[in-house]
Amino acid sequence: MRTHVFRPAGEGRFPGIVLFSEIFQVTAPIRRTAAFLSGHGFIVAVPEIYHEFEAAGAVLAYDQAGADRGNALKTAKELANYDADARAALDYLRKHERGTGHVGAMGICIGGHLAFRAAMNACVNAAVCFYETDIHKRGLARGMNDDSLDRIGEIGGELLMIWGRQDPHVPAEGRLRVYQALAAAGANFTWLEVNGAHAFLRDEGARYDAELAHQCLGMAVSLFRRTLGGGLGATSASAGSPETKH
């Protein structure tokens with residue numbers, strides 16, 4: 001599994017965040033999001049979520065063909081493989097030579113769902129999920145019958161769930177289903193719905209909302225600093241050149 005690693009340029013030790021991408025894999029907007037987090041004092045690992053199907057380094061275009069390919073692969077991959085990938089990335093960050101051992105997860109679109117599932121690992125102190133798809137309809141992975149809603153009780157860390165009200169992929173009734181499941185399970189979560197479309201965080205395309213992205217990314221950084229610790233030397237850190245790990 002090729003994993004792109006962004007780490008602060010400053011000296012010191014830093015908490016880790018696994019950043020799960022959209023269906024298009026590690027695109028330029030995803031790389032910039034990783035660099036943003038890294039510049040705030042975190043080692044960020046971005047796995048290629050379709051590594052079983054695509055050549056290392058493959059990026060799907062933000063067009064209909066890319067969306068069709070990404071959506072097809074989403075339900076071709078086994079659920080257990082998604083979970084195994086998350087554990088591998090988390091273990092890497094926990095043992096990183098410049099890490100503190102504290103880890104969190106963040107994801108966008110399908111990545112939001114993967115971050116939600118990653119939070120079921122006991123080592124994850126916090127997860128930020130941006131307009132995560134398919135949780136409400138159990139549609140992730142081969143067979144399209146995932147158990148994410150059933151396993152909320154395994155999430156011990158804090159969740160930040162962020163949604164766009166104008167997102168057709170997760171309608172109001174779907175968001176309500178997820179909210180009710182979290183509340184019934186007694187999860188520790190913050191719930192935020194904004195007036196934004198699907199992909200409002202992506203800094204390319206007509207749906208990008210710079211103000212919402214700024215606000216929500218700030219909330220994510222605040223959560224990670226509070227739950228993971230800011231890391232030594234984090235205040236002077238900036239994103240360095242990414243490493244690429246296999």
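The values are calculated or read from the model by the stated rules, or taken from the named source; none is laboratory data. For clarity, every value in this text was computed on a predicted model and none was experimentally measured. With ideal geometry, Cβ positions are generated from the backbone for all residues, glycine too; neighbour counts draw on all protein chains shown.
Numbers below:
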item	result
Close pairs (6 angstrom Cβ cut-off, 6 or more residues apart or separate chains): in contact (Cβ under 8 Å) with a residue 60 or more places away in the chain in the range 147-166, of a type in the set (Gly, Ala, Ser) anywhere	157/119; 157/126; 158/126
Residue in the range 153-174 that is nearest to residue 105 (Cα to Cα), counting only those that are within 19 Å of the chain's Cα centre (by Cα) and among the small types (Gly, Ala, Ser)	157
Residue 31 being over 30 Å from residue 224 (Cα atoms) and crowded, with 17+ Cβ neighbours inside 10 Å	no
Residue within the range 221-234 that is part of a loop (DSSP other than H, G, I, E, B), of a type outside the set (Gly, Ala, Ser), at pLDDT below 95 and more than 17 Å from residue 107 (Cα to Cα) present	yes
Residue satisfying condition, being on the phi > 0 side of the Ramachandran plot and either crowded, with 24+ Cβ neighbours inside 10 Å or basic (Lys, Arg) (or both), within set 41, 12	41
Qualifying residue in the range 85-104 (condition: closer than 20 Å to residue 28 by Cβ and either in contact with a Gly (Cβ under 8 Å, 6 or more places away or on another chain) or among the acidic types (Asp, Glu) (or both))	no
The range 11-27 residues that are farther than 14 Å from residue 94 by Cα, paired with ones that are in a strand (DSSP E or B) (beta carbon under 6 Å, 6 or more apart)	19/44; 19/46; 19/106; 20/107; 22/108; 26/4; 26/46
Filter result for residue 104 (part of a helix (DSSP H, G or I) and surrounded by 17 or more Cβ atoms within 10 Å (Cβ to Cβ))	no
Residue match in the range 171-179 (condition: surrounded by 12 or more Cβ atoms within 10 Å (Cβ to Cβ), of a type in the set (D, E, K, R), at pLDDT 95 or above and more than 18 Å from residue 63 (Cα to Cα))	yes
Looking only at the range 71-100, and only at residues there that are free of Cβ contacts under 8 Å to residues at least 40 places away in the same chain and not in a helix (DSSP H, G or I), the one that is surrounded by the most Cβ atoms within 10 Å (Cβ to Cβ)	95
Residues of the range 40-55 satisfying the condition of being under 21 Å from residue 71 (Cβ atoms), touching a residue at least 12 places away in the same chain (Cβ under 8 Å), in a loop (DSSP other than H, G, I, E, B) and not aromatic (Phe, Trp, Tyr)	48, 49, 51, 52, 54
